[in-house]
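A short write-up of the structure that comes next.
The values are calculated or read from the model by the stated rules, or taken from the named source; none is laboratory data. Since this is a predicted model, take the numbers as computed values, not measurements. All Cβ positions, even for glycine, are placed from backbone atoms using ideal geometry, and neighbour counts span all protein chains on display.
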Amino acid sequence: MQKITFKNIVFLLSCFVAFQVSAQESFPGEGNYRIQLLTEGLYPTIPSTYNTNKDGNNPDSIPLEELADTDNSQIFTFKEAGGFFSFAGEAYRTYTIASAQLSPLTYLHLRNAEYTGSGSRMTLRELDDPQMPKVEHRTFIVIPRALPDEEGGDTYFQIRSIVTPDDDGSGEITGYNNNNVYMVSTNGRDFVNHAGPYNATSRWLLEPATVVLSTKTVGFETVAISNPVKDQLTIKGLSAAIKDISVYNLLGNQVITSKVNGKSLVEINLNTLASGVYIVKLSGDNATFSKKIIKE
C-alpha cells in the first residue's frame, strides 16, 4: 500500500479547492457583456449624458431599456479584481464592472451609507472621485443559478457585491442589512438598484458583447444577418476585412465558428443548436461586431 505523506494530503486538498472553484466558474470570466433582466428582457442602459455627479452625492440612476445594439450604452466591462470571495461555502472570483459607454472609466458600485437622495440605487463613479466608496462596494461576484424545472429550468446569474451586510467599517448598522447587496431592478422595469435576492428582479443574463467602433471604418456597414433563424444562419454583405464568424450562447460559450475566406455571403447550419437566443460575432483585422439572434 502506498504511504500517505503530508505532500499527498496537500495535493489532494489543493485539487479539492480547485474543483470547488471551477465548479462555480460557469461564468466565462472577464470581458464585455450586456446585462439582461431575465423576466422582462430589458437592459441597464447608460446614456452618453450620464452624470456621475463627481464630488457630489447624487449620481444619475441607471434606467432599464429595450435592446440597443448600435452603441455602447448597454455594454459593461467585467474585469478580474484579483482573488476570490467565499460565499455560501463556495469560492467565487471577484470582478469590477465598468461602463463601456463613458470615458474616463466609471464603475458600478453600491451607494455609501452616508449618501443622501435615492437610497439604495446602484450608480457609477470614477475611481478618482472622492465620493467613490471603498473597494468592497465596487467589487462583485457572479453567481450561476437555475430556475426549478417547473419554472422552465432557465439558467441565469446573480450579481452580488462582496460588501458584508451591516458592516461599513464603523461598527454601526448601515443600509446593507437584510443582505441587500445584490444587483436588482426596481419594480422589475425601472432602474438598477440593490436589494436581497428574493425574487425575479435579481435574475440576469450576461450576453457577450463587443464594444462598438465606427462600422464605416472597419467594413461592417454592409453586413446583414438573418434573424430570427430556423436551421440556417445567412450573413450577407461581408467585406474582405471580416475574417471569422463565431456563435455564442448566453453563457458565453462558443458553440460554432467559421472562416469567411473572402466570401461576401456565408451560410451556417444551426440545426444542432437548441432553440433560444445566441450572439453572432464577426471578427475583422482591427475590430469586431456582434448581434443577438433568435434560433427558432
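Couple of notes before you dig in:
- Test result for residue 67, under 25 Å from residue 147 (Cβ atoms), in contact (Cβ under 8 Å) with a residue 40 or more places away in the chain and not in a strand (DSSP E or B): yes
- Filtering segment 70-91 to residues that are touching a Lys or Arg at 6+ places or on another chain (Cβ under 9 Å), over 16 Å from residue 41 (Cα atoms) and touching a residue at least 24 places away in the same chain (Cβ under 8 Å) leaves 76, 80, 81, 84, 85, 87.
- Residue pairs whose Cβ atoms lie under 6 Å apart, sitting 6 or more positions apart in sequence or on different chains, and linking a residue in segment 198-217 that is closer than 13 Å to residue 292 by Cβ to a partner that is of a type in the set (Val, Ile, Thr) and at pLDDT 90 or above, are 209/75.
- Scope segment 26-59; condition of a type in the set (Phe, Trp, Tyr) and more than 10 Å from the chain's Cα centre (by Cα); matching residues: 43, 50
- In segment 135-169, the residues that are of a type in the set (D, E, K, R), modelled with pLDDT under 75 and closer than 17 Å to residue 109 by Cβ: 167, 168
- Residues located in segment 239-280, provided they are in contact with a Leu (Cβ under 9 Å, 6 or more places away or on another chain), within 18 Å of residue 156 (Cβ to Cβ) and not in a loop (DSSP other than H, G, I, E, B): 276, 277, 278, 279
- Any hit, segment 201-209, residues being in the same structural domain as residue 36 (by the TED database), part of a loop (DSSP other than H, G, I, E, B), crowded, with 19+ Cβ neighbours inside 10 Å and at pLDDT below 90: yes
- Qualifying residue in segment 273-282 (condition: surrounded by 15 or more Cβ atoms within 10 Å (Cβ to Cβ) and at pLDDT 90 or above): yes
- The condition of being at pLDDT 90 or above and of a type in the set (Lys, Arg) holds for only one of 243, 236, that being 236.
- Top-ranked residue in segment 98-130 [being touching a Phe, Trp or Tyr at 6+ places or on another chain (Cβ under 8 Å) and part of a loop (DSSP other than H, G, I, E, B); ranked as modelled with the lowest pLDDT]: 113
- Each residue in segment 187-200 was checked for being surrounded by fewer than 18 Cβ atoms within 10 Å (Cβ to Cβ) and either under 14 Å from the mean Cα position of the chain (by Cα) or modelled with pLDDT under 85 (or both), and 7 pass.
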